[in-house]
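Scroll down for the structure; my scribbles are underneath it.
Every number here is computed from the coordinates shown, using simple stated rules; none is lab data. These numbers come from a predicted model, not from an experiment. Note: ideal-geometry Cβ built from the backbone for every residue, glycine included; neighbour counts use all protein chains shown.
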Amino acid sequence: MTVLAVTALVLAGFALFALGAALGHRAARRQLEHTTGAGGPRAAHTAAAPLRAGLTPDTARRTVRRLRPLLGTPAVALTGPESVLAWDGTGAHHRDELLVQLDDLGRLRTIAPDCDVNGCPLHWAVLVPLRVDGVTVGALAVFAAAGSTALVRAAGEAARGLTAELELAELDRLRADVREAEMRALRAQISPHFVYNSLASIASFVRTDPERARELIQQFAEFTRYSFRRDGDFTTLAEELRSIEQYLELARARFGRRLRVTLRIAPEVLPVTLPFLSLQPLVENALKHGLEESVERGTVTITAEDEGTEARVVIEDNGVGMDPEHLRAVLRGTAGPSAGIGLSNVDRRLRRVYGDDHGLVVETGIGAGTRVTVRIPKFRAGVQAPPPRRPP
């Protein structure tokens, strides 16, 4: 039995007062049922969902529009640390008064809005701070005709749901920052040394074979355009292999007959989607750490095969190879800056997208060359390549 019901029974003379209070608190109890009952978490999550994209005027506006019917109050507002982002309901003339309250967002508190507008139902409000990683990023303001403990609790529950979505938004932002940092690191692998050698090779053909120089310039332009693109985290195997062919064509111009390339590609795996720049760093690693250090003729073999639910890609070279212990340090990222970041970066991204059982498999030994195997699932939720690029 509720406290209000007990009060009504004991103090029969105040029955009308108790009934009025019960009616005033009904909306708050409905919200508590939403947030603690079987259907509550789903409704609260639906209201807070727009904040998964971060706290902006647009997401705040959509959130308060969904949240106010759940709370059953005449007005709800969301603020940032210095501005009122959205207001839903009556009494918008209180926005400036709410703005003044933002100077003290360190704790949950109630206020009594000062209003001389006839018929305005807003005589009480509760402000609940929204904190992400210990930093107050805004507040939820719930307005009502009269205060109640139940409504304070309901506002607190709602604020926790909003905060959870904002924390997820922050995690998404941090993950995006990590992905961007990884892409920058991979692009940095396209070293000035490679660019210089490519341009030097092109220059060597300008007089003796202008047509060959023109073709190499086109290959260089296409390779750099693909490597520095910014439209998505994924690409197709066909796009990645096309970029690798351009890279190898520039390498052939430098190494000449010292470099032999063999491609064995099953056509049915070309549409398979994979993380952007997953294979090119492996081929670059084969040339940079394998063939450049060898005085013998080098061979790079790239094989892509259909294996049912997966595509299997193998990149193999007959270079100088690597000590297995050093390889383990490279994959852990503890081998030092001179070891490069290509292998560890690709391995980490593949594991993050497909799981630990889809990391790189590297077979190597000193003087034995290197063989890297990548297994790519053909279908995985959230893995989708951007639309094909239009010719420039």
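Below are the figures for this structure:
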quantity: Sites residue 306 and residue 164, calculated FRET efficiency, Cβ-Cβ separation with R0 51 Å, nearest 0.05; calculated: 0.75
quantity: Near-label residues of the range 202-219 by backbone N, under 20 Å of a point 7 Å along Cα→Cβ of residue 258; calculated: 202-206
quantity: Protection-proxy order for peptides 130-137, 296-303, each taking the mean of Cβ atoms within 10 Å per residue, highest first; calculated: 296-303, 130-137
quantity: For residue 130, distant residues with modelled amide H under 5 Å away; calculated: 137, 138, 139, 140
quantity: Pairwise FRET efficiency - residue 103 versus residue 373, Cβ, R0 = 51 Å, nearest 0.05; calculated: 0.25
quantity: Cβ crowding within 10 Å averaged over residues, with 343-352, 307-316 ranked highest first; calculated: 343-352, 307-316
quantity: Largest-first principal axis extents, alpha carbons of the range 191-377, Å; calculated: 52, 36, 28
quantity: Computed lengthening from residue 149 to residue 82, 0.36 nm per intervening residue step minus Cα-Cα distance; calculated: 21.4 nm
quantity: Inter-probe distance in nm under a simple model that places probes 7 Å from Cα toward Cβ, at residue 114 and residue 323; calculated: 7.7 nm
quantity: Under-5 Å amide H pairs with residue 276, H placed in peptide plane, nonlocal only; calculated: 234, 235
quantity: Inter-label distance for residue 363 and residue 172, nm, one decimal - labels placed 7 Å from Cα along Cα-to-Cβ; calculated: 4.3 nm
quantity: Relative contact order, percent, the range 191-377 [alpha-carbon distance under 8 Å, six or more residues apart]; calculated: 18 percent
quantity: Packing rank of 53-59, 156-162, 114-120, where each peptide gets the mean count of other beta carbons within 10 Å, highest leading; calculated: 156-162, 53-59, 114-120
